[in-house]
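S.K.: Just dropping this structure here.
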Amino acid sequence: MENIVPDPQVLIDCVNRRMPFGKYKDTLICDMPISYLEWMHNKGGFPAGKLGMLLSTVFEIKSNGVDQLLRQIKFKYGK
């Protein structure tokens, strides 16, 4: 079994990177409303690449009700 180590930089990037397009352009990825993330997910998924990975990470965190984690990381590591 492969030993997978999570990258904490992903969560730091979620609280510092802004959405580059769309209705929520310039909104921090961590501040994207769950309704918009659900819409993207249901419309065919998130974009490819790092942006899609960050959006899907925030989607999973918010859908599982642990978004307090994002608030704590934003407080500590946000720009």
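The values are calculated or read from the model by the stated rules, or taken from the named source; none is laboratory data. Values in this document were obtained by computation on a predicted structure and should not be read as measured data. Ideal geometry is used to build each Cβ from the backbone, glycine not excepted, and the neighbour counts take in all protein chains shown.
S.K.: When you check Asp7 against the structure, is it modelled with pLDDT under 95, among the acidic types (Asp, Glu) and either touching an Asp or Glu at 6+ places or on another chain (Cβ under 7 Å) or surrounded by fewer than 16 Cβ atoms within 10 Å (Cβ to Cβ) (or both), yes or no?
M.R.: Yes; evaluated as a whole, the condition is true for this residue.
S.K.: Please go through the stretch 20-59 and pick out each residue that is touching a residue at least 12 places away in the same chain (Cβ under 8 Å) and in contact with a strand residue (DSSP E or B) (Cβ under 8 Å, 6 or more places away or on another chain).
M.R.: Once the filter is applied, which keeps residues that are touching a residue at least 12 places away in the same chain (Cβ under 8 Å) and in contact with a strand residue (DSSP E or B) (Cβ under 8 Å, 6 or more places away or on another chain), the stretch 20-59 yields Leu28, Ile29.
S.K.: While we're on this one: Answer with yes or no whether Met40 is farther than 16 Å from Lys79 by Cβ and within 10 Å of the chain's Cα centre (by Cα).
M.R.: So Met40 does not fit the description; no.
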